[in-house]
1. For K234, which aspartates and glutamates qualify as cross-link partners when the Cα separation must be under 19 Å and same-chain residues fewer than eight apart are set aside?
2. Can you give the local net charge around H289? Use residues other than it whose beta-carbon is closer than 11 angstrom to its beta-carbon, Lys and Arg +1, Asp and Glu -1.
3. Can you give the relative contact order of the chain as a percent, counting alpha carbon pairs under 8 Å and 6+ residues apart?
4. Quick check: residue separation of K273 and K234 times 0.36 nm, minus the Cα distance between them. What number comes out in nm?
5. For the chain, give the share of DSSP beta bridges that are antiparallel, in percent and rounded to the nearest 5; count only bridges with both residues there.
6. Mind checking which lysines have their Cα closer than 19 Å to the Cα of K46? Skip sequence neighbours fewer than 8 apart in that chain.
7. Gain in length, L300 to R155, computed as 0.36 nm per residue apart minus the alpha-carbon separation, to one decimal in nm?
8. Taking the Cα atoms of the chain, what is the range of coordinates along each of the three principal axes, in descending order and whole Å?
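Bear in mind these aren't lab numbers, they're just calculated from the coordinates by the rules spelled out. All values reported here derive from a predicted model rather than from experimental measurement. Reconstructed Cβ throughout: ideal geometry from the backbone, glycine too, with neighbour counts over all protein chains shown.
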Amino acid sequence: MQTKFFSSSSLQEAADLIHMGETVVFPTETVYGLGADAFNAQAVLKIFKAKNRPADNPLIAHISSLDMIDSLTCDFNPMAQSIAASFMPGPITLVLKKNGSVPDAVTAGLPTVGIRFPKNEVARTFISLCNTPIAAPSANISGTVSATTFEDVKRELSGRVGGIIEGENCEFGIESTVVDVTGEAPVILRPGSITLEMLREILPQTKLHPSLISETKVEKPASPGMKYIHYSPKAEVVLVYGEREKIVTYFEEQLQPSECLFLFQEELEQFSKNKMSLGSAADLNEMAHRIFRQLKQVDLLGYQRVYIPAVEETGIGLSVMNRLKKSSGGKAIHL
Ligand code: TXA
Ligand code: MG
């Protein structure tokens with residue numbers, strides 16, 4: 001397939017491709033999305049094909065104004081409204097009861113639909129020119145790391161999609177917080193840049209899904225819990241628990257030429273071997289912003305293993321660790 005490329009000044013042409021039932025990759029503030037008209041089931045099936053995505057994994061429908069929400073859900077309830085008032089547009093997805101008109105291809109047959117109103121200007125203008133909700137998963141081959149830069153999507157999806165819109169590097173760098181608001185209290189299904197703490201400020205009853213809590217169990221390196229391989233680069237990912245100073249000293253001795261260590265900016269200068277920066281330890285939003293791009297760099301540079309310091313699982317740290325535990329499949333060392 002010949003992929004067309006668009007700049008942010010040719011969004012109408014990109015929207016025309018959507019109207020023709022094609023797939024178009026677009027930037028958002030979280031990660032790039034691989035979109036199609038949410039009301040065109042045939043077009044939506046092309047997304048699954050382009051990504052090799054299992055058909056039982058539902059897609060998020062993206063809107064460019066809250067007015068569009070009623071085309072997707074029959075129950076924009078007060079809880080959802082208060083989250084929308086505080087955090088939309090932004091990096092959050094609401095799971096709501098779906099309207100009968102939403103194709104099963106989008107929701108994987110579920111009675112609910114994920115709805116996201118992105119903040120990114122290019123995304124919003126594009127969706128509004130499409131004049132229909134855009135179903136979009138992250139723009140990457142299933143199982144690999146989500147793409148957060150134009151270079152990454154171009155390399156991975158050229159020839160597999162109808163078009164790609166060139167945008168800036170994604171501001172937040174990890175996928176949106178997914179929150180189920182169909183029950184009595186909001187339940188976070190996937191942590192993201194809108195944190196549990198932030199949601200509790202407006203809805204104190206907000207909970208984490210139990211699977212996110214039990215996952216905090218740390219596995220020994222000898223027993224790689226391979227069940228959750230996801231967000232995986234080709235290189236082996238190993239989480240490192242321990243004081244940052246200790247990590248530097250240990251790997252100064254132990255790191256092999258085929259391996260790389262992710263470090264915070266504060267320790268970067270002290271370390272003489274293969275390294276990449278996660279930004280300052282004082283602001284883990286920077287780690288979130290960089291992590292997927294750096295994981296892709298690890299593969300591009302041909303490293304076979306990467307060691308990543310574990311961070312505390314609160315706030316944005318919970319969201320970053322959620323991805324990294326999946327990348328590592330439970331492989332960790334304790335110093
Ligand atoms: O930031 C994001 O959310 C990005 C950008 C492109 O918007 N999209 C994204 O999509 O990450 P995807 O498909 O890679 O992840 C969507 C997640 C999946 O874990 C999916 O299972 C869940 O949201 N999801 C979607 N609809 C759902 C529903 N109705 N009920 C429960 N989970 C749902
Ligand atoms: Mg994804």
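1. E151, D152, E156, E259, D299
2. Details: positive: R290, R293; negative: E29, E171, D283, E286.
Local charge sum for H289: -2.
3. Working: 751 pairs, mean separation 67.6, N = 335.
It rounds to 20 percent for the chain.
4. Values: separation 39, 0.36 × 39 = 14.04 nm, distance 2.07 nm.
Net length gain for the segment: 12.0 nm.
5. Of those bridges, close to 40 percent are antiparallel.
6. Correct list for K46: K4, K154.
7. Values: separation 145, 0.36 × 145 = 52.20 nm, distance 1.10 nm.
Full-extension gain reported as 51.1 nm.
8. 59, 48, 32
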